[in-house]
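Report on one structure; see the data block that follows.
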Amino acid sequence: MSRVGKKPVTVPSGVTANVQGKTISVKGPKGTLSLVVDDRVKVAMDKGEISVDPADESKEARALWGTTRANLNNIVTGVTQGFERKLEITGVGYRAAVQGKNLQLALGYSHDVVYPIPEGIAVATPKPTEIVVTGIDRRKVGQVAAEIRAYRPPEPYKGKGVKYSDEFIFRKEGKKK
């Protein structure tokens, strides 16, 4: 039994959820998101709560049960509060700046890296060495943050690169003489 899947997703006030067949659309103060669920999972809505149950007792249905419930909860949280991911840049001369719909990154290459900001995502740079990615879709926010980090992942010797603000970089000792 899935401990996550057993819990119903509560729909807060000010949020409207609509279940039509296999499509669930949720509308809140920050926007609208929808999710298409798998055939092996049943979704029902009653009294401001969305419950998820496996359609049969197969292993795949039980695996999708908790996953679907977690994705539904992320959608409800996204349209009410939104999601945020912070990145930090470490290195001499490394910096970031938002210019229009692009994020310009100076990461020690011979040229600046220009990252086009996708639709539905907001990127801010409160400091030249800090990037804040925000949006209502958790998957998209995480994907954008991962793509920005991938341009210069942190290295273990000096710690230079782009890292998540809550990430710990295990430092290595350099060569010995």
Within region 65-85, can one find any residue that is more than 22 Å from R152 (Cα to Cα), aliphatic (A, V, I, L, M) and part of a strand (DSSP E or B)?
no
Might you let me know whether region 42-50 holds any residue that is surrounded by fewer than 11 Cβ atoms within 10 Å (Cβ to Cβ) and either in contact with a strand residue (DSSP E or B) (Cβ under 7 Å, 6 or more places away or on another chain) or under 20 Å from R139 (Cβ atoms) (or both)?
no
Give me a count of the residues in region 141-154 that are surrounded by 15 or more Cβ atoms within 10 Å (Cβ to Cβ) and over 21 Å from T77 (Cα atoms).
4
Might you check whether a residue that is among the small types (G, A, S), outside the structural domain of E49 (by TED's automatic domain parsing), in contact with a Phe, Trp or Tyr (Cβ under 7 Å, 6 or more places away or on another chain) and over 28 Å from K7 (Cβ atoms) occurs anywhere in region 139-152?
no
Hits in region 86-140 (condition: among the small types (G, A, S), farther than 30 Å from L72 by Cα and assigned to a strand (DSSP E or B)):
A96, A97, A106
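The values are calculated or read from the model by the stated rules, or taken from the named source; none is laboratory data. Just so you know, these numbers come straight off a predicted model, no measurement behind them. Reconstructed Cβ throughout: ideal geometry from the backbone, glycine too, with neighbour counts over all protein chains shown.
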